[in-house]
Amino acid sequence: DVKVTQSSRYLVKRTGEKVFLECVQDMDHENMFWYRQDPGLGLRLIYFSYDVKMKEKGDIPEGYSVSREKKERFSLILESASTSQTSMYLCASRPEMQGDNQPQHFGDGTRLSIL
Amino acid sequence: AQSVTQLGSHVSVSEGALVLLRCNYSSSVPPYLFWYVQYPNQGLQLLLKYTTGATLVKGINGFEAEFKKSETSFHLTKPSAHMSDAAEYFCAVSPMNRDDKIIFGKGTRLHILP
């Protein structure tokens with residue numbers, strides 16, 4: 001089975017801090033994604049990556065950046081954390097295959113609180 | 001642009017009753033369709049997916065969904081609800097153009113009444 005591992009289940013940080021959320025997948029997937037999940041808003045895409053060193057903005061990239069130096073690892077960075085970034089963050093991966101009908105595989109999420 | 005609408009942010013059914021969670025999509029061409037489930041404090045888990053071919057798709061845990069092109073719908077059903085089905089369910093659309101992104105509905109929380 002595909003395993004997507006997020007480094008922390010719960011994280012508490014302070015306003016203005018630089019925050020790193022790490023995600024690792026073990027199935028050699030090309031595509032990786034970062035979402036945030038908020039009540040009533042569903043999943044919103046922050047950034048995604050089709051390959052190493054490639055990144056694309058999602059629907060809500062403001063205040064975030066990403067890094068993908070290795071294929072298996074996709075990091076989300078909050079440059080200067082704000083209370084509005086308190087949320088559940090979900091990482092996902094998916095193989096790149098013809099037809100693009102492959103489902104995404106999700107990690108268990110990181111619940112981030114910014115005080 | 002593609003979109004996904006899930007009718008009802010909360011649905012309650014009695015244990016043993018039929019589960020019906022509604023999903024409608026908008027797309028100029030039939031997309032790929034998915035249902036995911038999220039149990040408390042966990043990530044999303046794939047329930048089932050529709051690509052091409054048979055319009056009735058069977059998934060895990062007794063769930064199934066029917067693709068109806070004429071209604072642009074992909075509703076999720078289960079004949080008999082179990083307490084363990086209490087979770088949040090997400091419908092998702094994946095366009096055939098790889099330049100587009102997977103789009104998730106806002107989710108439906110399913111409550112099972114004893």
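Laboratory data are not the source of any read-out in this text; all were calculated from the coordinates shown. Source: prediction; values computed, not measured. Neighbour counts run over all protein chains shown; Cβ positions are idealised from the backbone, glycine included.
What whole number of Å gives the distance from the Cα centroid of the stretch A:56-89 to the Cα centroid of the stretch A:1-41?
Cα centroid to Cα centroid, the span is 8 Å.
Using the 2.2 N^0.38 Å rule of thumb for compact globular proteins, work out how chain A stacks up: its C-alpha Rg over that value, please.
Scaled against compact globular proteins, the figure is 1.01.
A 28 angstrom limit on the alpha carbon distance is what I want to check against. Which of A:K70/B:K106; A:K3/B:K69; A:K57/B:K49 exceed it?
Violating the 28 Å limit, Cα to Cα: A:K70/B:K106; A:K3/B:K69.
Tell me which residues come under 5 Å, amide H to amide H, from B:A17 once H is placed; ignore anything under 5 positions away on its chain.
Under 5 Å from the amide H of B:A17 lie the amide H atoms of B:A81, each far enough along the sequence or on another chain.
Points 7 angstrom from Cα along the Cβ direction at B:Q45 and A:T83: gap in nanometres?
The modelled label-to-label distance comes out at 3.6 nm.
Could you go through the stretch B:101-114 in sequence order and give the Karplus-derived ³J(HN,Hα) for each residue, using 6.51 cos²θ - 1.76 cosθ + 1.60 with θ = phi - 60°, rounded to whole Hz, and x for Gly and Pro?
10, 5, 10, 9, x, 7, x, 10, 8, 9, 10, 10, 8, x
In peptide A:61-69, how many Cβ atoms from other protein chains are near each Cβ within 10 Å, on average?
The mean count of partner-chain Cβ atoms within 10 Å per residue comes to 0.
Just to be sure I understand: of the beta bridges DSSP finds with both ends in the protein assembly as shown, what percent are antiparallel, rounded to 5?
In the protein assembly as shown, approximately 90 percent of DSSP beta bridges are antiparallel ones.
Other chains near A:39-52: what is the mean number of their Cβ atoms within 10 Å of each residue's Cβ?
Shielding by partners across A:39-52 averages 3.
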